[in-house]
Amino acid sequence: MHKTQYVIFDMDGLLFDTERLAMIAMQKVYAKYGYQLTEEIYLKLVGTNGVVSLNILHEHFGKDLPFEILEQETRDLMDIEIQQNGLPFKPGLETLLKYLKANNIPCAVASSTNHRYVEQYLTIAKLKDYFTFIIGGDEVTKTKPFPDIFLKALQKANVEASHALVLEDSENGILASCRAEIPVICIPDMKIHGKEINDLCLAVLPSLDKVIDYLPTY
């Protein structure tokens, strides 16, 4: 049993309830250009970025898809929504962060989202001071399900994989954690995983505050 020395959070769908917000924004923008983005297609994008996302979208909509325009308009629409209505926290987030701080367990964010947006969201939510560092998807060559982002986090935290704990909601994030040999707890968001993915996890929990039960040792 190893004492947890570092907790590594994903962001979208885990810290904030942004997955549905992003899907609705994408659907509106894509519909404007004549593309029907279904929830099934959107869920394939969760936990990916860059080349992986583009390949998925090209597969469904063709290579003439104006990806950069669609991406920017989606981001602009999300920014308007966030500025007007704020960022909804996932259940149990504040309780968990306060527990980690009180017990001197440092934490970081390793997200497929661009670093700039992760930092922006944490600042808007007034949570940035809880995290010692941020690694965005634009800072690694291969994003989830490859382990690169978590391996980089281990290096930056100067901690062994067995002494870290990853909190994830996406299948790609869980696979990336396992490939980095870091124990992972899943707190599902929009997509509910099957037994094959759940069995890779230390636990599958309904909310972030339940993670506290796994922190002293595991």
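The values are calculated or read from the model by the stated rules, or taken from the named source; none is laboratory data. Please read all numbers here as calculations on a predicted model, not as lab measurements. Every residue, glycine as well, gets a Cβ built from its backbone with ideal geometry; the counts of neighbours run over all protein chains shown. These area figures cover heavy atoms from the full protein model, side chains too; ligands, DNA and RNA do not enter into them. Shrake-Rupley method; radii C 1.70, N 1.55, O 1.52, S 1.80 Å.
Cross-link partners of Lys101 among lysines, defined as those whose alpha carbon lies under 27 angstrom from its own and excluding same-chain residues fewer than eight positions apart: Lys3, Lys90, Lys126, Lys128, Lys152, Lys156, Lys210. Let me know the shape class of the chain, please: from the alpha-carbon gyration tensor, a ≥ b ≥ c as square roots of the eigenvalues, rounded when a/c is under 1.5, otherwise prolate if a/b is greater than b/c, or oblate. Because a/c hits 1.5 or more and a/b exceeds b/c, the chain counts as prolate. Packing, taken as the mean count of other beta carbons within 10 Å per residue, orders the peptides 147-153, 26-32 from highest to lowest as 147-153, 26-32. Spacing of the modelled spin labels on Leu202 and Gln155, each 7 Å from Cα toward Cβ, amounts to 2.4 nm. Inter-label distance, Asn85 to Asp129: 2.9 nm, where each label sits 7 Å from its Cα along the C-beta direction.
In this calculation the C-beta distance from His58 to Lys101 is compared with R0 = 35 Å, giving a FRET efficiency of 0.20.
Rounded to the nearest 10 degrees, the inclination of helix 115-124 to the longest alpha-carbon principal axis of the chain is 70 degrees. Think of a 1.4 Å ball rolled over the protein heavy atoms: the range 95-218 then has 46 Å² of accessible area per residue. Working note: Karplus 6.51/-1.76/1.60 with θ = phi - 60° gives the range 53-65 the couplings 4, 4, 4, 5, 5, 5, 4, 8, 10, x, 7, 8, 4 Hz, where Gly and Pro are set to x.
Our summary gives the chain a relative contact order of 30 percent, counting only alpha carbon pairs under 8 angstrom and 6 or more residues apart. Other residues whose C-beta falls under 14 angstrom from the C-beta of Asn104 contribute a net charge of +3, scoring Lys and Arg +1 and Asp and Glu -1. Near the amide H of Ile135, within less than 5 Å, lie the amide hydrogens of Val109, Ala110, Ser111, all on another chain or at least 5 residues away, with H placed in the peptide plane.
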